[in-house]
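Q: Shown below is the structure under consideration.
The values are calculated or read from the model by the stated rules, or taken from the named source; none is laboratory data. Keep in mind that what you see is a predicted model, and the values were worked out from it rather than measured. Glycine gets a Cβ as well: all are built from the backbone with ideal geometry, and neighbour counts include every protein chain shown. SASA here: full protein model, heavy atoms, side chains in, ligands and nucleic acids out. Shrake-Rupley method; radii C 1.70, N 1.55, O 1.52, S 1.80 Å.
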Protein chains: 2
Amino acid sequence: MTGYGKDYRSIAADKQRQRQDKIPEQWLIDAQKYDKATNLLQVPVTCGILNEVECQITSDYDATALLEKIQGEVWSVEQVTVAFCKRAAVAHQLTNCLTEIFFYEAIERARQLDRERRESPNGKALRPLHGLPISLKDSFHIVGQDTSTGLACFVNDPAEQNSALAALLLDLGAILYCKTNLPQTIMTGDSDNNVFGRTLNPHNTNLTAGGSTGGEGALIALRGSLLGVGTDIAGSIRIPSLCNGLYGFRGSVGVVPHGGVRDLAVPGTDGVRSTAGPMATSIRDCQLLMKAIMESETWRYDSTVVSVPWRGLRVREKLRIGLVEDNGIDTPSPPIRRSFNEAARLLQGINEIEVIPLSLPGLGDIYQDLVRYMAPLGTEHYSELFNRTGEPAIPSLDTIGLMSVEGTTLKGFFEMNARRQEAAKKYLQLFCDNRIDAILMPVAAHTAVPWDKWANATYTGLWNYLDYPAVVIPVDKVQDTDLADDVVHAKYGPGDAELYKLYTGPELYSDAPTAVQVVGYRQMDEALLNTAIFLDSIINGQKQ
Amino acid sequence: MTGYGKDYRSIAADKQRQRQDKIPEQWLIDAQKYDKATNLLQVPVTCGILNEVECQITSDYDATALLEKIQGEVWSVEQVTVAFCKRAAVAHQLTNCLTEIFFYEAIERARQLDRERRESPNGKALRPLHGLPISLKDSFHIVGQDTSTGLACFVNDPAEQNSALAALLLDLGAILYCKTNLPQTIMTGDSDNNVFGRTLNPHNTNLTAGGSTGGEGALIALRGSLLGVGTDIAGSIRIPSLCNGLYGFRGSVGVVPHGGVRDLAVPGTDGVRSTAGPMATSIRDCQLLMKAIMESETWRYDSTVVSVPWRGLRVREKLRIGLVEDNGIDTPSPPIRRSFNEAARLLQGINEIEVIPLSLPGLGDIYQDLVRYMAPLGTEHYSELFNRTGEPAIPSLDTIGLMSVEGTTLKGFFEMNARRQEAAKKYLQLFCDNRIDAILMPVAAHTAVPWDKWANATYTGLWNYLDYPAVVIPVDKVQDTDLADDVVHAKYGPGDAELYKLYTGPELYSDAPTAVQVVGYRQMDEALLNTAIFLDSIINGQKQ
């Protein structure tokens, strides 16, 4: 039974109660205790729910290192799974990051994997992701779980079939144990909806956790998961990765199976397509997941994939990196400017790297078309979904202005496509003429901003429009020296000024992560990962 | 200057005169001498234009073997190029297969390649297609040549930029020397237009050479080229391959660069996309071209490619082949039925092959949508192009009914997309559930038919709709025993009956080639080629 006819408030109350009941009583924390804290990052290891080994399992490794420990039988799959279920439960109580909780089923599966391994000790090779807990954005179908995507009308309608990616991850040996929160419509920079409420940013609860994959962002920041999968149609992996200090990879369309993901678009909508990709605590974990997926027969799982296989490419010995400090629409705020320049300076100091300052042509027109692609038939289908249970639009929907996007005609749609084809030619030429391997640029003009203020995706959306892979690399966080400066620095008109004014200095923005974005050639995801790993070793090498 | 304002007849007369002037006088034949012959296949070697070595060069090898001879310096690139220019000139005089002739430039380039090789005798490795003449369908841009696509309004407007594929082939070392004829609109099964007129089928001039890549079909059948490239949006590579007894490979969309091809669709039209691929005298030549392309950096040439690399896959030891004798819309005519069954019987006799009879679900509805995808905005843009010079529609346009396709709305278009996504799921499941490697089926319900009677593409278009790669393997030709049978055998209504009646027995259809089609998984072009090479060795092995 879906929620037709019932009021969204009673649906949400029931759903939240059911969700709460999925957390074992002994894993409950006194969340009120942390009400006044804005930075929650240490709570999972101090709250007393996880024992020492569980703290170690969940704190000390990235997914790649953890997989080695599992493979080496340092810890059983069950131990690892329980540890992450506990930590995810804590993370959820702190930030409201989970939508569906199925710890019980996950632990059962973990025991099963351990049993199978014991029973065939000299047996077959372990699967590539054997025993690794992986969290998924709510929009992926998992059999027996809702895929409400935060809409009351879709509550209590458990999936009967796995999304292609969920099926593939299970076949690769992963443990699925929870799904994560996202915004109503899956389109805003605040992971907030009328069913589950808002996910908080554990770095600074005054700021947004980002969207649309904000639940993953908060969960992974608290290490309730080391590897999650989001989707990105204009920045929905990269924005929460920035907000939560994570690595996030927006793969080229179809490289990661996206079949059977609930994306709320009118069925058959084409143009700019949503794409799936990893969010993680290390860049090599993004590679781990992409490699495991691209080495598998994705095309057997999903009729919509683009079959770009993993090739084992070698890292190039010399790299040419285009530098884009400012996209000509939104002026980067002081902490973004500082950390971009810091990253650029580190790259400039390396022999193997040549940097080439670039600007992005035609982005104003491109961005207008990108917004049109988000709702080519207008937004009535969203209103219709809201109306089924009487739910109102969330505040951040107003901020991004999605509901006022007007539809177009078939002729208008093809004209958009034609402009996009021309832009694609121009950008390929920009890359080829400058012989660059990748572009380094901000992820947004700002860090995470206060709730419901995230207004656009001009730094990320271009790469969806062109279908270029792009990855977020964290740099540091807002520093005491990142003072707000005068709005006169905002060069691109009133919209820019309004955004620029949001940054009021390090007090409100304390601990907000900063990051850069690295962008590669369309469908050259593997090459981009190689490049990003090298750049990350320079930008973050000394910290590690 | 394009042909705006001028009458199409004077444009065509001038253009044909210019084309004629591109043939050296000593290569002219007395074409009237062959007016009464219906089978012209032997004329190139009997007409006296080619000397003995030139006959050998053009007759005795496929492209793969010829490349070896060039690489081994048995013949110079110039010798080879001159031989194919001569043979193409003869083929053209017999069948009217060429649109643009640039023998002079080709021979100059051949000399240049020979010179470069002499000057660096221990020098760098030869490029993969060093010195190999390759012919292209007229719709590919080649700098300095018209891309009229048989429309008077586009005559005298030489291209300023190569199509991505032309640029790539030149970089791979190929020699481009001519472009080939196609139908007005590039959409019918008769390669006929008001600028160049009709291309004849050299196997039987009473029958169509097929379309839309019919010029290539006739040229390669007469071995005026060993390797040509066509495009296929519903069967335009495969239909002329069938009609002319050739191998023809419809690659998955974007695997072969299609950027910068004039396809006459309204700019930005999306949905079912045209795709490029080889036509050749051997299956391994299709592989030769696909491998050379897929091993190169196609994505640097073209912002529209799908970057599926060549992987060096091994041939599977056991194959499961689905058999589809009849598509449920058009009943195969007696020679098609016979040669399909003959091919199926040969496969059944092989240990490594298991055959599984299959039927194609939902093809009636799919085909209707495919037709809608051919002109989602209707056909006014074609009329507008015709009207510029007052040219009438060719007769075969009436036969296929293209000009009566009505446009749809954006909503209707997305509904078509949604149905297509459902069909894609269903067909992937059909392949996976039956664990088949490929499907064997007819290319059409009939062989080449009399002029202007080719009415549909129900056997080929499904694979464009689903974007599955498909290859044509010739089987034999119409036999004296292929008697016409009663129309009562046509099971699927009046349209089927009308088509079925076209086959009147072996007299009119003498020497008409028969063929089968082999279809593989989407974007698994390399695996399909491996499968097709094996099946061809069984079907045609004993003849070789």
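Q: If you take the residues in the stretch B:436-493 that are modelled with pLDDT under 95 and of a type in the set (Asp, Glu), which one is most open to solvent (accessible area, probe 1.4 Å)?
A: Per the criteria, the residue is B:Asp486.
Q: Can you confirm whether the stretch B:397-412 contains a residue that is among the small types (Gly, Ala, Ser) and more than 14 Å from chain A (Cβ to nearest Cβ)?
A: Yes, because at least one residue in the stretch B:397-412 is among the small types (Gly, Ala, Ser) and more than 14 Å from chain A (Cβ to nearest Cβ).
Q: Which numbered condition trips up A:Thr147, out of (1) over 20 Å from A:Ile237 (Cβ atoms); (2) touching an Asp or Glu at 6+ places or on another chain (Cβ under 7 Å)?
A: (1)
Q: Where the second residue is in a strand (DSSP E or B) and open to solvent by 10 Å² or more (accessible area, probe 1.4 Å) and the first is in contact (Cβ under 8 Å) with a residue 60 or more places away in the chain and lies in the stretch B:464-476, which pairs have Cβ atoms under 8 Å and are six or more apart or on separate chains?
A: Short answer, once both residue conditions are applied: B:Val471/B:Tyr247; B:Val472/B:Tyr247; B:Ile473/B:Tyr247; B:Pro474/B:Tyr247.
Q: Going through the stretch B:358-398 one residue at a time, which ones are closer than 17 Å to B:Ile329 by Cα and of a type outside the set (A, V, I, L, M, F, W, C)?
A: Within the stretch B:358-398, B:Ser359, B:Pro361, B:Gly362, B:Gly364, B:Asp365, B:Tyr367, B:Gln368, B:Asp369 meet the criteria.
Q: Does the stretch B:277-294 contain any residue that is within 14 Å of chain A (Cβ to nearest Cβ) and within 30 Å of B:Leu227 (Cα to Cα)?
A: yes
Q: May I ask you to verify whether B:Ala167 is buried (at least 22 other Cβ atoms within 10 Å of the Cβ) and touching a residue at least 24 places away in the same chain (Cβ under 8 Å)?
A: So B:Ala167 fails the test.
Q: Just the residues that are within 21 Å of A:Ile107 (Cα to Cα) and open to solvent by 70 Å² or more (accessible area, probe 1.4 Å), please, taken from the stretch A:1-27.
A: Result: A:Gln18, A:Gln20, A:Asp21, A:Lys22, A:Glu25, A:Gln26.
Q: Here is a follow-up. Show the residue pairs that are 6+ apart or on different chains and have beta-carbon atoms under 6 Å apart, the first residue being within the stretch A:295-320 and more than 7 Å from chain B (Cβ to nearest Cβ), the second being in a loop (DSSP other than H, G, I, E, B) and open to solvent by 50 Å² or more (accessible area, probe 1.4 Å).
A: A:Trp310/A:Glu295; A:Lys318/A:Glu352; A:Arg320/A:Arg435
Q: A further question follows. So, A:Asp270, is that one in contact with an Asp or Glu (Cβ under 9 Å, 6 or more places away or on another chain), within 20 Å of B:Leu428 (Cβ to Cβ) and within 14 Å of chain B (Cβ to nearest Cβ) or not?
A: Judged against the criteria, A:Asp270 is a match.
Q: Could you identify the single residue in B:Cys178, B:Cys153 that is in a strand (DSSP E or B) and either open to solvent by less than 10 Å² (accessible area, probe 1.4 Å) or of a type in the set (Lys, Arg) (or both)?
A: Result: B:Cys178 is the single residue among B:Cys178, B:Cys153 that is in a strand (DSSP E or B) and either open to solvent by less than 10 Å² (accessible area, probe 1.4 Å) or of a type in the set (Lys, Arg) (or both).
Q: Now a separate question. For the stretch A:203-225, does any single residue satisfy the condition of being away from chain B (no Cβ under 14 Å), β-branched (Val, Ile, Thr) and over 21 Å from A:Ala280 (Cβ atoms)?
A: So far as the stretch A:203-225 goes, yes, one or more of its residues are away from chain B (no Cβ under 14 Å), β-branched (Val, Ile, Thr) and over 21 Å from A:Ala280 (Cβ atoms).
Q: Going by what's in this entry, would B:Ala31 be described as touching a residue at least 40 places away in the same chain (Cβ under 8 Å) and surrounded by 22 or more Cβ atoms within 10 Å (Cβ to Cβ)?
A: Against the criterion (touching a residue at least 40 places away in the same chain (Cβ under 8 Å) and surrounded by 22 or more Cβ atoms within 10 Å (Cβ to Cβ)), B:Ala31 does not qualify.
Q: Here is a further query. Sort through A:Gln523, A:Gln517 and tell me the only one that's within 18 Å of the chain's Cα centre (by Cα) and within 30 Å of B:Tyr301 (Cα to Cα).
A: Every option except A:Gln517 fails the conditions.
Q: Return the total of residues in the stretch A:192-227 being of a type outside the set (S, T, N, Q), open to solvent by less than 10 Å² (accessible area, probe 1.4 Å) and more than 13 Å from the chain's Cα centre (by Cα).
A: Residues that pass the stated criteria total 6.
Q: For the stretch A:260-296, what are the residues that are assigned to a helix (DSSP H, G or I) and either open to solvent by 20 Å² or more (accessible area, probe 1.4 Å) or not β-branched (Val, Ile, Thr) (or both)?
A: Of everything in the stretch A:260-296, those that are assigned to a helix (DSSP H, G or I) and either open to solvent by 20 Å² or more (accessible area, probe 1.4 Å) or not β-branched (Val, Ile, Thr) (or both) turn out to be A:Arg284, A:Asp285, A:Cys286, A:Gln287, A:Leu288, A:Leu289, A:Met290, A:Lys291, A:Ala292, A:Met294.
Q: If B:Ser339 meets every condition in (1) touching a Ser or Thr at 6+ places or on another chain (Cβ under 9 Å); (2) within 14 Å of another protein chain (Cβ to nearest Cβ); (3) among the hydroxyl-bearing types (Ser, Thr, Tyr) apart from one, which number is that one?
A: (2)
Q: Could you tell me which of the residues A:Asn156, A:Asn162, A:Asn122 is of a type outside the set (Ser, Thr, Tyr) and closer than 26 Å to A:Leu397 by Cβ?
A: One residue alone meets the criteria, A:Asn156.
Q: For the condition modelled with pLDDT of 95 or more and either in contact with a helix residue (DSSP H, G or I) (Cβ under 7 Å, 6 or more places away or on another chain) or assigned to a helix (DSSP H, G or I) (or both), what is the one hit in B:Gly197, B:Gly254, B:Gly235?
A: B:Gly235
Q: Could I ask something else about it? So in the stretch A:413-451, with the set limited to residues that are of a type in the set (Gly, Ala, Ser) and in contact (Cβ under 8 Å) with a residue 12 or more places away in the chain, which one is nearest to the other protein chains (Cβ to nearest Cβ)?
A: Result: A:Ala424.
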